[in-house]
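Student: So that we are looking at the same thing, I have put the structure below in structure tokens.
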Amino acid sequence: MPVRLQHKLLEHFVAGTTARAAALLVGVQGNTATLFYQRLRQLIASKQESYVLSGEVEVDESYFGGVRKGKRGRGAGGKVPVFGLLKRGGKVYTAIIPDAKASTLIPIIREKVLPDSIVYTDSFRAYDVLDVSEFHHRRVNHSKVFVSKKGHHINGIENFWNQAKRHLRRFNGIPKDSFYGFLKECEWRFNGNGHKALLNQLKSWYQSEINKL
């Protein structure tokens, strides 16, 4: 594919244009654009930094996808469970998890959050162990309020979930074996500094990969 068309697809990807629409606008086959987007997501996922969070950190789980109607949220059928940690005023980190048990969530918190940090959660029982841990645990009971009387909340990570789901909704269903790439794309977009900075970063990563060939 000519370099000019590759750059156009890069721009459409960062702008949030679907592969199908980008193919029509750029003038390439739909499968070509889909494969190009797929490789960009793989590239983004491979470039995500390993970092730890500190200070005030919000944690929460969410559920993506699924086609079955019925129960929503924790325990919903056919959905992919995801765990997110957000440093207030900083970055978000996400991980696909097998379940939302304490034995799954707490090790991730201990790996990604520095001791003595303030960890904000909802009232889900899996977080009970944080009450007697190396962290300062603050809760908000979402069945009653979104911000407690003491000002405790997890609005930051909830905002990320909303942004991610809004972005992914346009794709009309994502296969589970491709979901990791889409999730890391959402993380990358949230942690970035606007479309221009994201585009420059992605072009740099892409060019580095081309130079390796």
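Student: I'd like to check which helices (runs of 4 or more DSSP H) are fully inside region 102-213 and have at least 3 residues that are of a type in the set (S, T, N, Q) and either closer than 30 Å to residue 13 by Cβ or touching a Cys at 6+ places or on another chain (Cβ under 8 Å) (or both). Give the derivation first.
Tutor: Numbers: elements: 102-112, 155-169, 179-191, 195-212.
Of the helices (runs of 4 or more DSSP H) lying wholly inside region 102-213, those with at least 3 residues that are of a type in the set (S, T, N, Q) and either closer than 30 Å to residue 13 by Cβ or touching a Cys at 6+ places or on another chain (Cβ under 8 Å) (or both) span 155-169, 195-212.
Student: Return yes when residue 106 is out of contact with any strand residue (DSSP E or B) (no Cβ under 7 Å at 6 or more places or on another chain) and β-branched (Val, Ile, Thr) and no when it is not.
Tutor: Values: out of contact with any strand residue (DSSP E or B) (no Cβ under 7 Å at 6 or more places or on another chain): yes; β-branched (Val, Ile, Thr): yes.
It is true that residue 106 is out of contact with any strand residue (DSSP E or B) (no Cβ under 7 Å at 6 or more places or on another chain) and β-branched (Val, Ile, Thr).
Student: Something else about it: Would you check which residues across region 6-26 are under 19 Å from residue 174 (Cβ atoms), free of Cβ contacts under 8 Å to residues at least 40 places away in the same chain and among the β-branched types (Val, Ile, Thr) and list them?
Tutor: 17
Student: Another question, then. What about residue 150, is it basic (Lys, Arg), in contact (Cβ under 8 Å) with a residue 12 or more places away in the chain and in contact with a Leu (Cβ under 7 Å, 6 or more places away or on another chain)?
Tutor: For residue 150, the condition - basic (Lys, Arg), in contact (Cβ under 8 Å) with a residue 12 or more places away in the chain and in contact with a Leu (Cβ under 7 Å, 6 or more places away or on another chain) - is not met.
Student: Follow-up. So, in region 175-213, of the ones that are among the hydrophobic types (A, V, I, L, M, F, W, C) and over 16 Å from the mean Cα position of the chain (by Cα), which residue ends up surrounded by the fewest Cβ atoms within 10 Å (Cβ to Cβ)?
Tutor: So, considering only residues that are among the hydrophobic types (A, V, I, L, M, F, W, C) and over 16 Å from the mean Cα position of the chain (by Cα), the one surrounded by the fewest Cβ atoms within 10 Å (Cβ to Cβ) is 213.
Student: A further question follows. Just one of (1) of a type outside the set (D, E, K, R); (2) at positive phi; (3) open to solvent by less than 20 Å² (accessible area, probe 1.4 Å) trips up residue 27, so point out which.
Tutor: That leaves (3) as the condition not met.
Student: Filtering region 91-124 down to residues that are open to solvent by 50 Å² or more (accessible area, probe 1.4 Å) and among the polar types (S, T, N, Q), which residue is farthest from residue 49 (Cα to Cα)?
Tutor: Within region 91-124, the match that is farthest from residue 49 (Cα to Cα) is 123.
Student: Determine if region 2-19 includes at least one residue that is closer than 30 Å to residue 134 by Cβ, polar (S, T, N, Q), modelled with pLDDT under 95 and open to solvent by 20 Å² or more (accessible area, probe 1.4 Å).
Tutor: Residues of region 2-19 closer than 30 Å to residue 134 by Cβ: none.
For region 2-19, residues closer than 30 Å to residue 134 by Cβ, polar (S, T, N, Q), modelled with pLDDT under 95 and open to solvent by 20 Å² or more (accessible area, probe 1.4 Å): absent.
The values are calculated or read from the model by the stated rules, or taken from the named source; none is laboratory data. These numbers were taken from a predicted model, which means no experiment stands behind them. No Cβ is skipped: glycine too gets one built from the backbone with ideal geometry, and neighbour counts run over all protein chains shown. These area figures cover heavy atoms from the full protein model, side chains too; ligands, DNA and RNA do not enter into them. Shrake-Rupley method; radii C 1.70, N 1.55, O 1.52, S 1.80 Å.
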